[in-house]
Amino acid sequence: MAAIDTVDMRPPQLAAGPLAWLRKNLFSTWYNILLTFLAVWLLYALLKPAIQWGTTEARWGVIEANLTLFMVGLYPRDQIGRVWLTIFILAALIGLSWGVWKNAARGFALIALSAGAAFAIIALLFRWNVWDEWLLAEAILLITSLVGRYLPRSSLILTFAWFLYFPLIFLLIGGTKYIATLPPVGMGLWGGLLLTLLLTIVGNFGALPLGILLALGRRSKLPIIRYFSIGYIEVIRGVPLVTILYTAAILLPLFLPIDVRPDLVIRAMIGFILFEAAYQAENVRGGLQAIDRGQYEAAHALGLNGAQTTLLIILPQALRAVIPALFNSFISLFKDTSLVAIIGLFDILRISRSILAQTDWLGTHREVFLFAFLIYWLFNLAFTYGSRRMEEALGVGKR
Amino acid sequence: MTETNNTQEIIICRDVHKWFDHFHVLKGISLTVQKGEVVVIFGPSGSGKSTFIRCLNRLEEHQKGQIIVDGIELGNDIRNVEKIRQEVGMVFQQFNLFPHLTVIQNITLAPAWVKRVTKAQSHELAMQLLKRVGIPEQADKYPAQLSGGQQQRVAIARALAMQPRIMLFDEPTSALDPEMIKEVLDVMIELAKSGMTIVAVTHEMGFARAVANRMIFFDKGEIVEQGPPAQIFNDPQNDRTKLFLSQILHH
């Protein structure tokens, strides 16, 4: 037997650091150097007018002057404290989730934290009087995250609180005639980013349970349930969202009795929920199909009944598997909310257009739309980052 | 319903038939298993032995004949089926552990939800079982972090947590690397010696020789031959049995 020399070898040391990276990727050969300079010159030539415009010509005052309009539309200015209250409660819920669920909520918590800090700093820089509110939200988030650490991890109360949050938003923002400090604010006045986010969140979270039921229904052994689910999904998916919004806005009231006539915002939300449910159903169905038959057999062999098998074994695995797809739909819907402009609601994009009609700010299209672009993009970036962290944290045990 | 409770017969099969579409998989299987008996079923692949054992807890439905387990006849009444499944533990070739749950959660899940045992009780039982199968230190890991042999031992503990009266093994070592087969067989042998009623589909002839009371040779959906291991190994009567044994024992 030949003796094998087994000296422990270390992995070869690779050059690291930004300088090494530059040398390796941009300046390795003479033509690479040439291409690098060419690309830099091209970038400069293209960006120069944009930067020049942004720093000299652009009238960014239009954003500052209309910031409240962008954020909440025509919501009564003396009632804006109620919007802040929903933000503070959200900060508390995120903080608690971070403390209790640790890694799964960490991504979203970090985003909320850095966003809050960024807003506070921007507000301070421009001397807007909202910096103290943002600092308060930050403090609430941090304190509740510490509190959350001492709550049991399996705490159902937190899940329950999240579910309760959605009706609470409606109560706080919409108000009621029964509570003197919360006078009703008609939904026609809800607008801007507030409306965009409400439509996104209600649309998505309302659609998910419905989508799960439809996905399960599509795989049901009972023909009535199966054909209903297939029919629903295929009809909704075969129709543009605009059609569904028109239906919800114009046709729905015709089918309902006179005294039951939900507000336009509610009708739009129903439209989004019904639309999104069909897509979420197909996402979830993809996850259900990925589950091995052995999982059903093992659960049945242990004596679990059908409902227990679905809720405890199949759905947790199926939903984890489709987190990327679910968030993909989430982001899609976030952008699709801009379609509510056609049924007369003032989401952030429609608000942007209405600002252009102000006589003081004629011709500020570029500034206003760049700002709207930035808001959409930053929110989507945040959703993507948060969902990826969540996916990683929940992926334990897989692989 | 109480037909068998006085006697020692815990599984009774009478003329069991099953078809997959037009393919006749089980052609009239009749078999009784006594309480505490260890029965090893073997035979070529496609002989229907796995299908048969899966009929015993109705993961597969038989279409003709009668199967009575622990005094309850298996039929379309889902309550009877669920009752039987609580009495019958099953271990699969592919382990089928729940990947999203830790080892201890895998084991405590069914007692908690099906038998409504308290958390403390089910946890204590689970730790006892993990000690019995030799891996108490893995309790908080996820299945994917364990070796195949360890996963199969968790699967055995999971089935035992329902305190079944019968254990079914469907080729429990076929998906394992050779060096892990022994650790699973040791657990099964210990279980057999403790008096558990066992029906195992396996080609581990060492296991059969050590603890089986009876061996049954399946071929083409029929019981070709059965008897105590000594007789099957040393003096098989049927030519097909002889041929099959010579194939699996001489390599």
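Throughout, read-outs are computed from the coordinates displayed, never taken from laboratory work. Source: prediction; values computed, not measured. Cβ atoms come from the backbone with ideal geometry, glycine included; neighbour counts cover every protein chain shown.
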Completion exercise
Straight-line reach check, residue B:83, cutoff 13 Å on alpha carbons, 8 or more apart in-chain or any other chain, hits among aspartates and glutamates -> B:70, B:73
Practice task
Report, to the nearest 10°, how far helix B:103-114 tilts away from the longest principal axis of the Cα atoms in chain B, using its own Cα long axis and a range of 0 to 90°.
Solution key: 80
Handout entry: region B:149-170-region A:152-180 distance, computed between alpha-carbon centres (Å)
Key = 44
Handout entry: Under the Karplus curve 6.51 cos²θ - 1.76 cosθ + 1.60, θ = phi - 60°, whole-Hz ³J(HN,Hα) for region A:200-212, x wherever Gly or Pro sits
Key = 4, 6, 5, x, 6, 6, x, 6, 4, x, 4, x, 4
Problem - DSSP-defined beta bridges in the protein assembly as shown - what % are antiparallel, rounded to 5 - result: 55
Problem - Helix-only CD estimate at 222 nm, as mean residue ellipticity for chain B, using -39500 (n - 2.57) per DSSP H run (n ≥ 4) - result: -11500 deg cm²/dmol
Exercise for the section: Find the percent of Cα-Cα distances in chain A that exceed 37 Å, and round it to a whole number. Expected result: 38
Exercise for the section: Place a +1 charge on the Cβ of each Lys and Arg in the protein assembly as shown and a -1 charge on the Cβ of each Asp and Glu, then give the dipole magnitude about the Cα centre in debye, rounded to the nearest 20. Expected result: 700
Handout entry: Links that overshoot a 22 Å alpha carbon limit, given the list A:102/B:131; B:18/B:193; B:220/B:242; B:18/B:220
Key = A:102/B:131; B:18/B:193
Completion exercise
Of A:350, A:149, A:285, the most mobile residue in a GNM of chain A (C-alpha springs, cutoff 10 Å) is A:149
Completion exercise
Mean-square fluctuation maximum in Gaussian network of chain A, Cα pairs under 10 Å, restricted to A:357, A:301, A:120, hits A:301
Problem - residue A:292-residue A:143 FRET efficiency (beta carbon distance; Förster radius 51 Å; 0.05 resolution) - result: 0.70
Completion exercise
Rounded to the nearest 10 degrees, the helix B:178-193 long axis (Cα) sits at an angle to the longest Cα principal axis of chain B of 90
Problem - Cβ neighbours within 10 Å from other chains - mean over A:291-298 - result: 5
Completion exercise
Helix-only [θ] at 222 nm, chain A, -39500 (n - 2.57) per DSSP H run of 4+, per residue, nearest 500, equals -21500 deg cm²/dmol
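Can you give the % of DSSP beta bridges in chain B that are antiparallel, to the nearest 5?
In chain B, DSSP labels about 55 percent of beta bridges as antiparallel.
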Completion exercise
Largest fluctuation, A:126, A:379, A:27 only, Gaussian network model of chain A with Cα springs under 10 angstrom, belongs to A:27
Exercise for the section: With a 10 Å radius around each residue's Cβ, average the other Cβ atoms per peptide and rank A:97-108, B:133-144, highest first. Expected result: A:97-108, B:133-144
Problem - Enclosed volume per residue, in Å³, of the convex hull spanned by Cα atoms of chain B - result: 135
Exercise for the section: Would you grab the residues whose amide H sits under 5 Å from the one on residue B:169? Only those 5+ places off in sequence or on another chain, please, with H modelled 1.01 Å from N. Expected result: B:91, B:199, B:200, B:201
Completion exercise
Per 5 angstrom bin, beginning at 0 and ending with the bin that holds the maximum distance, the Cα pairs of region A:269-332 fall in percents of 4, 18, 23, 19, 15, 11, 7, 4, 1
Problem - Cα centre as origin, Lys/Arg/Asp/Glu Cβ charges: region A:186-364 dipole, Debye - result: 380
Practice task
Check cross-link reach from residue B:49 to the aspartates and glutamates: straight Cα distance under 16 Å, and skip same-chain residues fewer than eight apart.
Solution key: B:15, B:60, B:61, B:170, B:171, B:204, B:219, B:222, B:225
